[in-house]
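Read through the structure below, which is laid out as structure tokens, and then see the notes.
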Amino acid sequence: MGLNVYLFFNGNCEEAMNFYVTSIGGSVDMLQRYSDTPMPCDEAQKNKIMHATFTIKGSKVMCSDSSTAKTIAFGDNFSMALDYTDPAEMKAAYDKLSAGGIATMPLQDTFWGATFGMCTDKFGINWMFNHDKPKP
């Protein structure tokens, strides 16, 4: 059994997915537009994403654009948590993902022996960054 994150967007799914893959590193594995399916849809929806998957740090994330009949309301009900072994790679990803968003907790050393930070990206998605420091 696996556990995957599924993200819903209000028409900018492809832009968000490409932003995450470019910022953190990864790959777009599958992309299916509404026009690629036998499902009826209005003209404005045809080029939107019905279902896509991408991989970040070995984890699969699924995503899609909502139908035009439903607007997605973003909240604080989840975060994407990333663990790093390379602090420079973590800082680069943090800087890219927080650009245009909100740096809710700058990267900093913590009492639990890690460098940790949080941000909300320009699409309203919450991210957590962690690098466990080597134990003495």
Quiz item: When region 73-86 is examined, which residues are found to be surrounded by fewer than 14 Cβ atoms within 10 Å (Cβ to Cβ) and either of a type outside the set (D, E, K, R) or within 17 Å of the chain's Cα centre (by Cα) (or both)?
Solution: ALA73, GLY75, ASP76, ASN77, PHE78, ALA81, ASP83, THR85
Exercise. Tell me which residues, restricted to region 90-111, are more than 15 Å from the chain's Cα centre (by Cα) and crowded, with 16+ Cβ neighbours inside 10 Å.
Key: LYS91, LEU107
Exercise. Any residue in region 47-61 that's under 10 Å from MET80 (Cβ atoms): show its pairings with residues that are open to solvent by 10 Å² or more (accessible area, probe 1.4 Å) and modelled with pLDDT of 90 or more at Cβ separation under 6 Å, as long as the two are six or more apart or on different chains.
Key: ILE56/ILE24; ILE56/GLY26
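Each row is one residue, and each column tells you yes or no for (1) touching a residue at least 24 places away in the same chain (Cβ under 8 Å); (2) out of contact with any helix residue (DSSP H, G or I) (no Cβ under 9 Å at 6 or more places or on another chain); (3) under 21 Å from LEU7 (Cβ atoms).
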site	(1), (2), (3)
ILE24	yes, no, yes
ASP36	no, yes, yes
MET39	no, yes, yes
LYS70	no, yes, yes
ALA114	no, yes, no
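The values are calculated or read from the model by the stated rules, or taken from the named source; none is laboratory data. It should be emphasised that the depicted structure is a prediction, and the values quoted were computed from it without experimental measurement. Note: ideal-geometry Cβ built from the backbone for every residue, glycine included; neighbour counts use all protein chains shown. When the accessible area is computed, the model is the full protein with side chains, heavy atoms only, and any ligands, DNA or RNA have been set aside. Shrake-Rupley method; radii C 1.70, N 1.55, O 1.52, S 1.80 Å.
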